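The structure under discussion appears below in the form of structure tokens.
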Amino acid sequence: MKKFIWLSATFLATSAILLTGCGNTPKTVINEPVEPTEAQLIQKGEYLVTIMGCNDCHSPKTMGPQGPVVIADLMLSGYPAERPVKKVDSGPIKKGWVMLNEDFTSAAGQWGVSFAGNLTSDQTGIGNWTEENFRRALKEGKYKGLEVSRMLLPPMPWTNFATIKDEDVKAIFLYLKSTKPVSNVVPMAIGPDQIL
């Protein structure tokens, strides 16, 4: 009988401990998302500009041993204004070809001749743009991000960016606004009627 009472008491004590422990389950802590700092957004923007190939067209280059190399002081400043605009041979364009200049900052095709824009923080670039101007240019293909402007010309691949997340647009914009300003007024596009 003593053995039975001892086993019953042990069972009750163990059950009480287990039941007490079950009632004290830890509460789930829900962490609110932390907004990235401006420095973190700028860093992300630089990363996105790099992987999206913006330098491919928007940065003047010099020829290096392995091909074109971005000129660091002119990075993202677009087609150099002091460079003469070369006459375009319309023969290949009439046959459906597209031509690029030596550093890819201008292109000629059925649309005419387009020149890569200045993306630096200078007033001749995007220095006076709003984030909304930039979003509209990148996602909707509007020249200078203005609602009533013409569409951006090839080879600007704005249709590839139409679904880019707004937080990525913000990061890219903040990065570009943090770049060294380069004063460079890019030439206006040349219409197809002037080359074909």
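The values are calculated or read from the model by the stated rules, or taken from the named source; none is laboratory data. A quick note: this is a predicted structure, and the numbers were derived from the prediction, not measured. We place every Cβ from the backbone using ideal geometry, glycine too, and count neighbours over all the protein chains shown.
Points to keep in mind about this one:
- Residue check, ILE126 more than 21 Å from TRP158 (Cα to Cα), in contact with a Leu (Cβ under 9 Å, 6 or more places away or on another chain) and crowded, with 16+ Cβ neighbours inside 10 Å: no
- Residue ID - farthest from PHE173 (Cα to Cα), chosen from residues in the range 63-79 that are surrounded by fewer than 14 Cβ atoms within 10 Å (Cβ to Cβ) and touching a residue at least 12 places away in the same chain (Cβ under 8 Å): MET63
- Close Cβ contacts (under 6 Å, 6 or more residues apart or on different chains) running from residues in the range 149-178 that are touching a residue at least 60 places away in the same chain (Cβ under 8 Å) to residues that are outside any helix (DSSP H, G or I) comprise PRO155/ALA107; LEU176/LEU119; LEU176/ILE126.
- Among residues of the range 104-129, those that are in contact with a His (Cβ under 8 Å, 6 or more places away or on another chain) and either of a type in the set (A, V, I, L, M) or farther than 16 Å from PRO60 by Cα (or both), counted: 2
- Flag if THR20 is out of contact with any strand residue (DSSP E or B) (no Cβ under 8 Å at 6 or more places or on another chain), modelled with pLDDT under 60 and surrounded by fewer than 10 Cβ atoms within 10 Å (Cβ to Cβ): yes
- Note on the range 80-99: residues that are of a type in the set (Gly, Ala, Ser), within 29 Å of VAL185 (Cβ to Cβ) and in a loop (DSSP other than H, G, I, E, B) total 1.
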